[in-house]
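As structure tokens, the structure follows; a few thoughts come after it.
Any read-out appearing in this document is the output of simple, stated calculations on the displayed coordinates, not a laboratory observation. No experiment lies behind these values; they were computed from the predicted model shown. Cβ sites come from the backbone with ideal geometry, for glycine too, and all protein chains shown count toward neighbours.
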Amino acid sequence: MSYVEMQHSNQDERWFLDSGCSNHMSGDKKWFNELDQSFKHSVKLGNDSRMEVVGKGNVRMKVNGQILVITEVFFVPDLKTNLLSIGQLQEKNLTILIKADCCSIYHENKGLLM
């Protein structure tokens, strides 16, 4: 697991890259610039417990000076960390490279994203 830390960020602003989660997720409503709260679902965690999803939307974040829009992010109010699903990123044709203790994410046209 790796994480994206925003410049001068605190714990709430960290996004962990997770190869084990099937969806991007955040427990913090402030991250969403668009949120459909009619979307209901549940997610199963690694310890076999379940958490309720009470919305799905888009998150805008500034990384390395550029604005990125992360789509289809689940809003899970009980979640204590923000998770980016490596599988979901790969479904968007992004390339994930983990080498020498560093994780990089590339877009085929825009190059290095984070």
Response to the item:
Relative contact order of the chain (C-alpha contacts under 8 Å, at least 6 apart) in percent is 28 percent
Item to complete: Going by C-beta contacts inside 10 Å, put LEU112, LEU94 in order with the fewest on the left.
Response: LEU112, LEU94
Item to complete: Tell me the label-point distance for the pair CYS103, ARG50, using the 7 Å Cα-to-Cβ offset, in nm and rounded to one decimal.
Response: 2.7 nm
Worksheet item: Once the other residues with Cβ under 13 Å from the Cβ of ASP36 are scored (Lys, Arg +1; Asp, Glu -1), what is the net sum?
Response: +1
Worksheet item: What ranking do SER49, SER19 get, fewest neighbouring Cβ atoms within 10 angstrom at the top?
Response: SER49, SER19
Item to complete: Please give the net charge around GLN88, taking every other residue with its beta carbon less than 11 angstrom from that of GLN88, where Lys and Arg add +1 and Asp and Glu add -1.
Response: -2
Practice prompt. Taking a cut-off of 22 Å between Cα atoms, list the lysines near LYS62, but don't count ones fewer than 8 places away on the same chain.
Written response: LYS29, LYS30, LYS80, LYS92, LYS110
Practice prompt. Report the label-to-label distance for LEU94 and ARG14 in nanometres (one decimal), using points 7 Å from each Cα along the Cα→Cβ vector.
Written response: 1.9 nm
Response to the item:
Assertion target for LEU17, LEU45, ordered by fewest C-beta neighbours within 10 angstrom first, is LEU45, LEU17
Worksheet item: So what's the back-of-envelope 222 nm ellipticity for the chain, counting only DSSP H runs of four-plus at -39500 (n - 2.57) apiece and dividing by all residues, rounded to 500?
Response: -1000 deg cm²/dmol
